[in-house]
Each structure stands twice: as structure tokens, then as C-alpha cells.
Amino acid sequence: MFKCKTSAEVGGMGHSVKRKEDARFLHGKGNYVDDTKLPGQLHMVMVRSPYAYAKIKSINKEKALAIDGVLAVITGEDLAQYNLHWMPTLLSDTQMVLPTDTVMHQSQEVCAVIATDRYVAVDGAEAVEVDYEPMQAIVDPFKALDDDAPLLRPDKEGQEDNQIYHWERGDRAKTDEVIANADVVVKERIYLPRIHVASIETCGCNASYDKDTQKLTVYLTTQAPHAIRTVVALVAGHVGLSEEKIRIISPDIGGGFGGKVPVYPAYVVAIAATFLIGKPVKWIEDRSENLVNGFARDYHMDCELAATKDGKIQAFKVSTLADHGYTDSSANPSKYPTGMFSICTGSYDYEHAFAELDAVYTNKAPGGVAYRCSFRVTEAVHAIERMVDKLAAEIDKDPALLRFENFIKKEQFPYESPLGWSYDSGDYKATLEKAMEMIGYDDYKKEQAEKRAQGKLMGIGICTFTEVVGAGPSKDFDILGIAMFDSAEIRVHPTGKALARFGTKSQGQGHETTYAQILAEELGIPYTDIEIDEGDTDTAPYGLGTYASRSTPTAGAAAAIAARKLRDKGKKIAAHLLEVSEEDIEWEVGKYFVKGAPEKSKTIQDVAFAAYTNIPPGLEPGFEATHYYDPPNLTFPNGAYICVVEVEEETGAIDVKRFVAIDDCGNIINPMIVEGQVHGGLTQGIAPAMYEGIEYDDEGNVLNGTLMDYLVPTAVESPHWETGHTITPSPHHPLGAKGVAESPTVGAPPAIANAIIDAVAPLGIKHLDIPITPAKVWEAIQAQKAKA
Amino acid sequence: MAKHEVTMTINGQSVTAEVDSRLLLVHFIRENLDMTGTHIGCDTSNCGACTILLDGKSVKACTYLTVRADGAEITTIEGLAPEGTNHPLQQAFHDQHGLHCGFCTPGMIMRSVDLLKNNPNPTEEEIRWGISGNLCRCTGYNNIVKSVQQAAKEMAKEKEATV
Ligand code: FES
Ligand code: FES
């Protein structure tokens, strides 16, 4: 277990100190993008396509422009004059900013109305007349590759069909051979539907260009302000926006979860609009626009798991069809088009695996965001964890026992996975044992047997996942060529208080507290004396931002190392003050002392003061340090989740009775915050497991594009979560930490699905795709009855 | 567009303004009065980010016309406690880590004020149903429930102390 090195007042690692950022939010003083109001503020509203696929015959602006207060209607033709009507996606595809001739998905931006008032802008948007010629949309991704399917992207040179790319990893021939000769092979097509991050704050921006200074300032709901600044400079450099004149400010963010990484077309239109008009232009997405544009998941995975007859796993194969909508706008590292999907071999020790994926275009919104997971880890974990349970059911073995018998053992770390990852550390057995003990697994097994004897449906579901987070080492990880390091810059003031700035951006994770705690741990300066600043590209050091659980693994490490640089400098100053040589100085949290004479000491505050007032000869004045951290490896948080459910046979109603989550995220900075992150992630895990999924009809219309029919769980649907920890520090991270916030989103859906499927297994049901709704359960039960 | 004069009390201050008949109360508060603690998270009255107190009852200000609030007494998150102090709910959300991004928080707190007024000693289940008109995407609700429980206890103590 982790032992705190600092006092509660200093508040270093392991202390559940209360959050420093809370006060402004509690008093209504948060500053979110929609709260910004600039002199001469204008408002922008997008006109969007009612069709999934249509030619635009004409756009008539006249009636809109006749409305008092409407200043401009911007179309794709207008942007084309500046060559701004298309933009690159983060994954080297192209996306329309505004269309000149064709719309590719329902709700695609068609043109923008700029007005002096929000209401007038909406009036204007309604008055714009667009003449469309609808075409037959491709909605089913399996039909996108048919010979007679229309070519959706003729604009792309060399594009002959609707396939975006094929990707594969592993040894296909050997894996096929092992599967062909195995005692037992279980197969399933598993679908993870389109979902949306649905942060309670939607996306938006307030863009302001000053024609005199030629400076563009954009308040933006973004998780990655620096990356966006560079993208804007790349996209709009040719019209004269150069990077030093672009300032991206990511103020308070009302939840990100991956949905605030991409560049949305309306951001670019707002920037173009302020550039042309010279007044600030604000665009705030409404909820329907938010839910219908952008998405996560949408993987159809054909899985095969092979094992010996007593359940020793031998090989795993998964072939995936990925529906990307009309463009691949995933925000993945460029060498990883499918993200970290190859973590799909899971927490188990076996030799052979093969994964392949075909990505296709359809007439749906683009996205493919890493929704609270490290680029497709959720899909990967769902595949393997469902298949392991399926294997257990097939050979009639307790799914916990099957996992114990196949786990990678503690001594095997670092473990080289069959698809090429080097897992850093873990103790999977201890973690699952802890979860089983906490929930009372054996008792539930007995209760289940009794209930089954009475004809009642009760299920127990397990998920023992391994994640791969903290992208990443620069030799492998980049976005648009920019290496995925992150940064920290610390300034200790003469009075011993400090300001630290980071290239990441909190969206509720509590960085203002946890980063201060890391510095308190390393420097002994109380966390209350340290201000944390993020999100303003004019002041923060360059970094790739916060997503994929990368803040603690990268920027957290940068903070620790920058602090250690300061400590080294401080040692020289302390030696000077104590009139001994540097070798005679020792460090203990918060102070330097003379070896063998601990009464002769100087505090870090004394040293900071001297750095400005009594500088040793030859030493550079000041007490500041910066570090850009390039991680040597990723970190591999893991956990064991167990869920108990009851299902009512007559109605299909599902009651989640218990849910226990044991996480191993290495050393913990703030247990209170980690627990809170786990709670939140678990609710975002039950959401797709039981409630959420974006549905389309045959014409490509979204059927549930509002919060009335897209069911984000309330406090009633969300169970009372029970959490706990095991701690296996990361051996390569300076703090031994791993990152945590995404584990629950990744681990909860398979645990819940496994529990529900286990409950209905006595009726002969072997698999259900998420979201597993009562209606779906009921239908499956009826289908079984009809068979019998 | 027809204009109407409205007068109301907001956080103890009387306000008179000329407004369009279609102006939603949430926009009046945010844009006209520049009090941005009341948030907007949806367009279908589902999220509760816009919850305020109107004549003592929690109301979703995104589904209320400003003209209808003529003569009303309104409290927003900014006016819940005197500057520099915390209402027991604000204190409890801080103590129990009942907020992450803070976007749902003002609405959650205003809703909970009403909940505790009508049910000073709610069970966990009553709290969960009581805040089910407010969505939070970050916290998983466990700690929001705990926050409301802590505030209920504190407020009961305060009440006892005053009788
Ligand atoms: S803004 Fe969502 S309920 Fe009012
Ligand atoms: S704290 Fe982010 S929505 Fe509730």
C-alpha cells in the first residue's frame, strides 16, 4: 500500500485533499465558453442538412439577409474563395468545413448565419432557403463495400470504393492454424454501437480577430488547445493567420471525454467569420447538433477464441468493420489508425493472436472520437471480455476460475503481448480476488443456484481488463506529426509560493489540485501555495492536451521531473547558505540539511528566497524549471469489476443489484479524486451497456437525437457504485502512477453485459449486444420460447 | 417583435426590463443580467443545468418565458449564500467531492435546495428520484447523493439550533 511522505498540510501524494478549483463552480463563477462576452459580440447559428445524402442545387440567402440584425450568411462557395471549404482531419482524411455541392450526412453544416443576437441568428437560419436533391444514402456499413454501392468520396484522388483503409496486426496464418486445431472455439459477432460523449456542456467557440494587431483569440471548448493552435495555423496559414498571432484559450470545460478533441467545422467558420467581419463571433452548439454530430465506437467485431477443452486460451482472432461516417475524423495517433485496439488480447497469457480492421465510409456523421478511452481500448476490452465469458459458458466453467487459470502472472511483467505491447506491471490475481471478496462472490454463486432452481433469473458478470494509456513515446506516437510528449513549467516565487503551467487541460479531472499535490510531494511546498494554470496557449508550455488518460502519465511525470531539476538547483543554493559543499547536503521533503547535522537546515522557501536575493557565485538567478516529458512506454492500468443483476422474465426488466470495481492504477495522487473519477466512469459505462446508442433509419435519419430519446443515465439508473484498489506502481513512471479515469468506462460495459447474459443463459440466450435494454431482453426471451 | 416590461426580484435585487415575448428566462438571466452561473445543457428540458428557484420552487429556466416571470422572486446560484460564504449544500458538494467539471453543479444545487425544503430528511432513494430531472455526466451521482445527505444533516442541526 502507498504510504504518504508528506503531512496533510503539505498535501502531497496519497492525501484526499479537497479540490482547489471548487469554489468558483459552487458559486456560479465558473467561466465556460458560453459565459464569455466580448465587446461587439456577434452570434452564429448553423443551417444543417435534413438529408443524409443530397446534392445542393442552390442556397438562397436573401430572405435571411433581409432580417434586421442578420449580418452575413456564409456558404461553402464563400469559403472556397479562400480555399477554406475543406480541412484536414487529424488522421489525414479531409472534411468539409462547408459544402459547395453535396451533403454527406444528416445535420451536416450547410451554411452559417451571423447576427447581432442569438435569437435573430436562429431566425436567419430558418429563413435560408436550400434546394436539395436527395440521393440514396449508404447507412449499413456492410453494404458500403458492395460492388453497386455509390462511391461516396469521388473527391479523393485514387479512391475507387468506400474502403478507407485496411489494418492488421499479428500472425494470421499461425492464428488460423491454432484455431482450426483447437478443442474448443467460440465465435461471435459483437457490435459496439455508435454513442455520443454527451458532456453536459456542448461544444462551442468565441472567436475574435483584431484587425489592428492581427491577433486571433479563440475561446474554445477544447481538450488540446496547443494542437488546435497548430492546426489552425496549418489550415489557415495561407490567408495570413500565423501561429504566433493565434491564441487559443480553453477556459473552464464542462466535461470533455474525447468529444472536445476534434476540430469541428463550425469552429473554422466562426474563425473565418471574425476574420472577415472583424468582430467576435460566438457559436454554441445546441444539444441536438451535439448528439447527432460526432460519435464514438461503431465497431462490428467478428471474434473467435480458441482454447483447450479445459479452458486454456490458445488464440484470439478478431476481424472488425468500422463505420466512420463520411470521413475518418478520428483523433488517433497517426501510426495507430485503429488506436490501441491491439490491446484486445486482454489480461491473459497466450501466444497467438490476429486482429484486422476495415474502415468504411457511410452517410453518417464523422467522429470516431476516443470516448473516455485510450483510442479504441473500450472496443478491444469488450471483445475479449465477452469472448472469455462465452468460453466459460461453453465449457461450463466458472468465469472467475477460467480467468485465474489464464491470467498473466505477476512475475511475468514486463509482459510482451502477442500483438506487440509491453505491459508494465500488474497483479491481476490479487485484484480479482479482492473484487470477489468485496462483493461476496461465493455467496452470490450459491444464491444464484437457489434462484435458478426457483426459475428466477439472476446473473453475475466479471470483467478483468487491461488498458493501455498515456500516449506516448515520441518514437511511435504523434498527432499530425507532433510527438505526444507533455510539459510542465514551474516558477517558484521569492516568497516560496509557486505557479505551475501545463500543456494539458482539465475538464473536471481536478488538475488544479492533483498537479499541486505532485509538486507538493516533490518540493514540500504546501499544495495550497501552488497555483496551477492550463489552457491558454499564450502562457502554457506546448503540450498535446488531456485525453486518453494521458495527463498523469505525461504531464504529471513532467511536473515531477521539473520539480527534481529545481531540487538539484536548490541543493547548490542550500550548500551556499549552509556553507558546506554540495555533497554534504541531503534532501527530505521540504528541506535541505547537512549530512549528520540535521539541525543545520534550510527550507525550500529559504532556498527559493535566496535564489532571488543571495545567489551563489556562478549560479543562474531565479528558481524556475521546465520539463517536456517523453514517456519511455505507456502505462497499463487494470482492474476487476463484478456486477450482479436480476432480470424479470415477464418484462425483460433489469435490476443492477451490486457493482464492485477494483482498480489498479498504480500509485494514487488523490484517493478522493480517483474514486470520483471511477464513479463517473462507471456511470458512463452503464450508459452504453443498458441505455445509449445512436439509431438510424434506412434513409440515414437519426432517430434519437435529443436527450428525450437518447437516454443519458440519471441518478436513478445509476447504481450505488462500490470501489476499491490494489496498487502495483508503474516501474517506469517517475511517480509510479498510471492514469485512471478511463478504466471504468472501459471495464463496466462487459461486466454488465456478462451479468445480464449470465442471468438469461438458462433460457438458452448466449449473447446480446449492448445496449441491453429490457425490450431487447424481452425479445430474446420470446425468440427462445418460440424456438422451444 | 412585441416588447413587454417585466419586473422581478433576482437575488434580492429588483430588476425591470423590456423584453421580447419569446425571450427565455435562462437567456434573460445569462445574457441580459450577465449572471452566467445558470447553465444551458439541452433544448428539451432534460438536463436541469438551468435550474433556478422561482418563488421558492425549483424551475428549469430554459422552459420558462421571461414575461411569465413578471413579479416573481428568483434565486440563482449566485444569490444562494452571501458573498464569501457557503450554503450548506455548497459546502457539502465541496466536502463530498460532489462536482467534477462543475457544469451541472449550480442546477443540481438549486434543485437540491427545493428537495430538502420539501423533504428535510430524504432517503438515498428519495434523493436519487429527487434529482432525476438533473443530469450529471461526470460524477456518477454517488457523491452528489452524499453531498445532499451531508447538507440535510447540517441544515437539520442549524434548524435545531435556531428553535
Ligand atoms: S437547459 Fe437542459 S433542462 Fe434547461
Ligand atoms: S460535474 Fe460535470 S456534469 Fe456534473
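Points to keep in mind about this one:
- Residue list for the range A:14-70, restricted to those being assigned to a helix (DSSP H, G or I), among the aliphatic types (A, V, I, L, M) and within 14 Å of chain B (Cβ to nearest Cβ): A:ALA23, A:LEU26, A:VAL33
- The range A:693-713: number of residues that are under 15 Å from A:ILE200 (Cα atoms), open to solvent by less than 20 Å² (accessible area, probe 1.4 Å) and under 21 Å from the mean Cα position of the chain (by Cα): 3
- Selection from the range A:470-483 of residues that are buried (at least 24 other Cβ atoms within 10 Å of the Cβ) and under 19 Å from A:SER92 (Cβ atoms): A:ALA471, A:GLY472, A:PHE477
- A search for C-beta distances below 7 Å between a residue of the range B:35-61 that is at positive phi and any residue that is within 16 Å of ligand 2 (Cβ to nearest atom) and among the basic types (Lys, Arg), counting only pairs 6+ apart in sequence or on different chains, returns B:SER45/B:LYS60; B:GLY48/B:LYS60; B:GLY48/B:ARG111.
- Filter result for the condition that a residue is under 23 Å from A:ILE532 (Cβ atoms), away from ligand 1 (no atom under 16 Å from the Cβ) and not basic (Lys, Arg), over A:ILE253, A:ILE195, A:ILE190: A:ILE253
- When the range B:109-135 is limited to residues that are under 23 Å from B:THR63 (Cα atoms) and of a type in the set (S, T, N, Q), the one that is farthest from the other protein chains (Cβ to nearest Cβ) turns out to be B:ASN118.
- Filtering the range A:237-291 to residues that are assigned to a helix (DSSP H, G or I), more than 16 Å from ligand 2 (Cβ to nearest atom) and touching a Cys at 6+ places or on another chain (Cβ under 6 Å) leaves A:TYR267, A:ALA270.
- Residue count for the range A:410-432, restricted to those that are closer than 18 Å to A:THR308 by Cβ and surrounded by fewer than 17 Cβ atoms within 10 Å (Cβ to Cβ): 0.
- Scanning the range A:84-114 for residues that are among the polar types (S, T, N, Q), assigned to a loop (DSSP other than H, G, I, E, B) and at pLDDT 95 or above yields a total of 4.
- Members of the range A:191-223 that are within 16 Å of ligand 2 (Cβ to nearest atom) and either in a loop (DSSP other than H, G, I, E, B) or touching a Pro at 6+ places or on another chain (Cβ under 7 Å) (or both): A:HIS196, A:VAL197, A:ALA198, A:SER199, A:ILE200, A:GLU201, A:THR202, A:CYS203, A:THR221, A:GLN223
- A Cβ distance below 6 Å, combined with a sequence gap of six or more or placement on separate chains, defines the contacts here; from the range A:425-440, residues that are free of Cβ contacts under 8 Å to residues at least 60 places away in the same chain reach residues that are outside any loop (DSSP other than H, G, I, E, B) in the pairs A:LYS429/A:PHE407.
- Selection count where residues are over 11 Å from A:SER743 (Cβ atoms) and touching a Gly at 6+ places or on another chain (Cβ under 8 Å), scope the range A:663-675: 7
- For B:CYS138: the one exception among (1) in contact (Cβ under 8 Å) with a residue 24 or more places away in the chain; (2) under 18 Å from the mean Cα position of the chain (by Cα): (2)
- Members of the range B:120-145 that are part of a helix (DSSP H, G or I) and either in contact with a strand residue (DSSP E or B) (Cβ under 8 Å, 6 or more places away or on another chain) or more than 16 Å from ligand 1 (Cβ to nearest atom) (or both): B:GLU124, B:GLU125, B:GLU126, B:ILE127, B:ARG128, B:TRP129, B:ASN142, B:ASN143, B:ILE144, B:VAL145
- Total residues in the range A:203-222, condition open to solvent by 10 Å² or more (accessible area, probe 1.4 Å) and either within 14 Å of chain B (Cβ to nearest Cβ) or touching a strand residue (DSSP E or B) at 6+ places or on another chain (Cβ under 6 Å) (or both): 4
- Considering only residues in the range B:1-37 that are closer than 15 Å to B:GLY71 by Cβ, part of a strand (DSSP E or B) and among the aliphatic types (A, V, I, L, M), the one that is nearest to ligand 2 (Cβ to nearest atom) turns out to be B:ILE10.
- If you go through the range B:38-77 and pick out every residue that is within 16 Å of ligand 2 (Cβ to nearest atom) and either in a loop (DSSP other than H, G, I, E, B) or within 9 Å of chain A (Cβ to nearest Cβ) (or both), you end up with 11.
- Scan of the range A:643-692 for residues that are more than 10 Å from every other protein chain (Cβ to nearest Cβ), assigned to a helix (DSSP H, G or I) and open to solvent by less than 30 Å² (accessible area, probe 1.4 Å), ordered by number: A:VAL674, A:PRO688, A:ALA689, A:MET690
- Residues located in the range B:84-107, provided they are in a loop (DSSP other than H, G, I, E, B), away from ligand 2 (no atom under 15 Å from the Cβ) and touching a residue at least 12 places away in the same chain (Cβ under 8 Å): B:HIS87
- Filter result for A:ASP310 (assigned to a loop (DSSP other than H, G, I, E, B), assigned by TED's automatic domain parsing to the domain that holds A:ALA359 and in contact (Cβ under 8 Å) with a residue 12 or more places away in the chain): yes
- Restricting attention to the range B:96-108, the residues that are facing chain A (nearest Cβ under 7 Å) and either surrounded by fewer than 24 Cβ atoms within 10 Å (Cβ to Cβ) or among the hydrophobic types (A, V, I, L, M, F, W, C) (or both) total 4.
- Residue match in the range B:136-146 (condition: within 12 Å of another protein chain (Cβ to nearest Cβ), of a type outside the set (Ser, Thr, Tyr), over 21 Å from B:CYS47 (Cβ atoms) and away from ligand 2 (no atom under 13 Å from the Cβ)): yes
- Flag if A:GLY747 is surrounded by fewer than 24 Cβ atoms within 10 Å (Cβ to Cβ) and of a type in the set (Gly, Ala, Ser): no
- Every test in (1) open to solvent by less than 40 Å² (accessible area, probe 1.4 Å); (2) in contact with a Phe, Trp or Tyr (Cβ under 8 Å, 6 or more places away or on another chain); (3) charged (D, E, K, R) is passed by A:GLU717 save one, and that test is (1).
- Qualifying residue in the range B:48-64 (condition: open to solvent by 30 Å² or more (accessible area, probe 1.4 Å) and away from ligand 1 (no atom under 16 Å from the Cβ)): yes
- Residues in the range A:484-502 that are in a strand (DSSP E or B) and open to solvent by 50 Å² or more (accessible area, probe 1.4 Å): A:ARG491 alone.
- Residues of the range A:589-601 satisfying the condition of being open to solvent by less than 60 Å² (accessible area, probe 1.4 Å) and assigned to a strand (DSSP E or B): A:TYR592, A:PHE593, A:VAL594, A:ALA597, A:SER601
The values are calculated or read from the model by the stated rules, or taken from the named source; none is laboratory data. For clarity, every value in this text was computed on a predicted model and none was experimentally measured. Reconstructed Cβ throughout: ideal geometry from the backbone, glycine too, with neighbour counts over all protein chains shown. For the accessible areas, the whole protein counts, side chains as well, though only heavy atoms, and no ligand, DNA or RNA atoms are used. Shrake-Rupley method; radii C 1.70, N 1.55, O 1.52, S 1.80 Å.
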